[in-house]
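Since the structure comes first, as structure tokens, the remarks are kept for the end.
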Amino acid sequence: MQIYLVGGAVRDEQLGIPHNERDWCVVGATPGELTDLGYRQVGKDFPVFLHPDSGEEYALARTERKTAPGYHGFAFDYSRRVTIEEDLQRRDLTINAIAKDQDGNLVDPYGGVDDIEQRVLRHVSGAFGEDPVRILRVAKFAARFRRHGFTIAPETMQLMQQMVLDGEVDALVPDRVWKETEAALRGHNIRVYFEVLRECGALRVLFPEVDALFGVPQPENWHPEIDTGLHVMMVLEQAESLSADLDVRFAALTHDLGKGNTPKSKLPSHPGHEIRGCELIERISARLPVPKGCRDLALLVAEFHTHCHRALELRARTILKVLERTDAFRRPARFERFLVTCEADARGRAGLENRRYPQADYLRRAFESASAIDAGAIAKQHEGQKIPRAIRRARRNAISEFRRSAAVEVQED
């Protein structure tokens, strides 16, 4: 029996970056032998074992053979005769196909160390084309390692494009699409993930609502970058810098989906894109297992982001409407995420990335004023259905007073 450290831990060691998890590959053993040593078997498709002390994953070396379309269409051989070189050959990228033995020696039959030095993401073999999940993984790695200077090898991009043409991406299951996308949204350089998917053609299959935004014009006076798809990528950048919250980043991605189906006769304006965008967010959420929190914030941002941008112009009753529709009084933390996403939208424009966004603070102060009223005291003075109306009236009056004081502050400045 030989045990090798494999995968991301070896790769990250070569890059000089910390890693939190270690995966191990066992050569020359059987499931029964590992069980007898106290390892606990998990996994359905092939034997993976948890170490009795560390809890780390130990997988038997294996080969795989394509038997049907899609992610699950594989047959595995994990007999004791499978070598470490054969196991590494089935992996996606050369930088992930390096092993380290128990003496610290590297096993690198496919040039992974050289590709790490050259900062190249390159597929190990033609078997890459048999698993469509690898397109998502390459896009995710391209985003994760962009800050280290990695780019995708041209031949790997060509293979990914051919896989899309061959219909392999159509077989991806929704759970896996969202799992990889969520990981990208939680990471760095999010826009790279979607740009890679677009370059290989997978974006129009997996996220056609986002793909449709590229090439759609917007008014240049508001959007110097003009292209809506480019704008959304810039908004993702801003959202990434402003918040680590998954809900914010998903809302940033989807806030302008309605511009993708604006009638050509209306371009470059986009009347009604807010409600059309909500319909498309619902469509994505029905197709993929998008968490409810992500969906709900995305719907609010899509519908009300233009209200937020015009906050300084809104009447008190309209501001109160925004506060009520966003459920700010019961969910102030989500209202804050709404404001942060709107700020990312405002900054996600060419040349305006560092522009101040006073609208968010304006609405925060309006919310504070409306929240300061004594709802309990008002309830004691009214009965039944009159209570909600009285509270709304008091909140509107508080917002009106805030607007007057804010106007005085502007005049004094």
Rounded to the nearest 5, the percent of DSSP beta bridges in the stretch 1-111 running antiparallel is 85 percent
Greater than 25 Å separation of Cα atoms is the criterion. Which listed pairs, 140/292; 179/266; 259/292, meet it?
179/266
If unit charges are put on Cβ atoms (+1 for Lys and Arg, -1 for Asp and Glu) and the dipole of the chain is taken about its Cα centre, the option from 49, 243, 270 lying farthest towards the positive end turns out to be 270
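Let me spell out the model: positive unit charges on the Cβ of Lys and Arg, negative unit charges on the Cβ of Asp and Glu, origin at the Cα centre of the chain. What dipole size does that give, in debye rounded to 20?
Details: 59 positive and 63 negative charges, 497 e Å.
Using Cβ point charges on Lys, Arg, Asp and Glu, the chain gives about 2380 debye.
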Which shape class, rounded, prolate or oblate, goes with the stretch 1-111 when its Cα gyration tensor gives a ≥ b ≥ c as root eigenvalues, a/c under 1.5 marks rounded, and past that a/b bigger than b/c marks prolate?
oblate
Could you tell me how far the Cα centroid of the stretch 93-143 sits from the Cα centroid of the stretch 155-204, in Å?
17 Å
Calculated from DSSP helices alone, with each H run of at least 4 adding -39500 (n - 2.57) and the total divided by the residues of the chain, [θ]222 nm to the nearest 500 comes to -15500 deg cm²/dmol
Using the Cα centre of the stretch 187-346 as origin and beta-carbon charges of +1 (Lys, Arg) and -1 (Asp, Glu), tell me which of 320, 190, 294 is placed farthest towards the positive end of the dipole.
320
Free-standing Cys residues across the chain, given no other cysteine C-beta under 4.7 angstrom
25, 200, 278, 294
Which aspartates and glutamates, if any, have their Cα less than 20 Å from the Cα of residue 264, not counting same-chain residues under 8 positions apart?
209, 211, 220, 225, 227, 256, 274, 279
Can you tell which of 230, 314, 206 shows the greatest fluctuation in a Gaussian network model of the chain with Cα springs below 10 Å?
314
For the stretch 162-267, the dipole about the Cα centre with charges only on Cβ (Lys and Arg +1, Asp and Glu -1), to the nearest 20 debye, works out at 240 debye
So which residue, out of 260, 126, 112, gets the largest mean-square fluctuation from a GNM of the chain using Cα contacts under 10 Å as springs?
126
Mind checking which of 292, 140, 179 has the largest fluctuation in a GNM of the chain, springs on alpha carbons under 10 Å?
292
In what sequence do 22, 389 fall when counting other Cβ within 10 Å, fewest first?
389, 22
Membrane-span-like helices (DSSP H runs, Cα span along own axis at least 15 Å, mean Kyte-Doolittle at least -1.0) in the chain -> 133-144, 154-165, 174-185, 190-200, 228-242, 273-287, 292-309, 332-347, 358-371, 386-412
What does the charge dipole of the stretch 1-111 about its Cα centre add up to, to the nearest 20 debye, if the Cβ of each Lys and Arg holds +1 and the Cβ of each Asp and Glu holds -1?
400 debye
Any idea which of 376, 76, 158 is furthest toward the positive side of the dipole for the chain, if Lys and Arg beta-carbons carry +1 and Asp and Glu beta-carbons -1?
376
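Bear in mind these aren't lab numbers, they're just calculated from the coordinates by the rules spelled out. The structure displayed is predicted, hence computed values, not measured ones. Because the Cβ atoms are built from the backbone with ideal geometry, glycine has one as well, and the counts that use them run over all protein chains shown.
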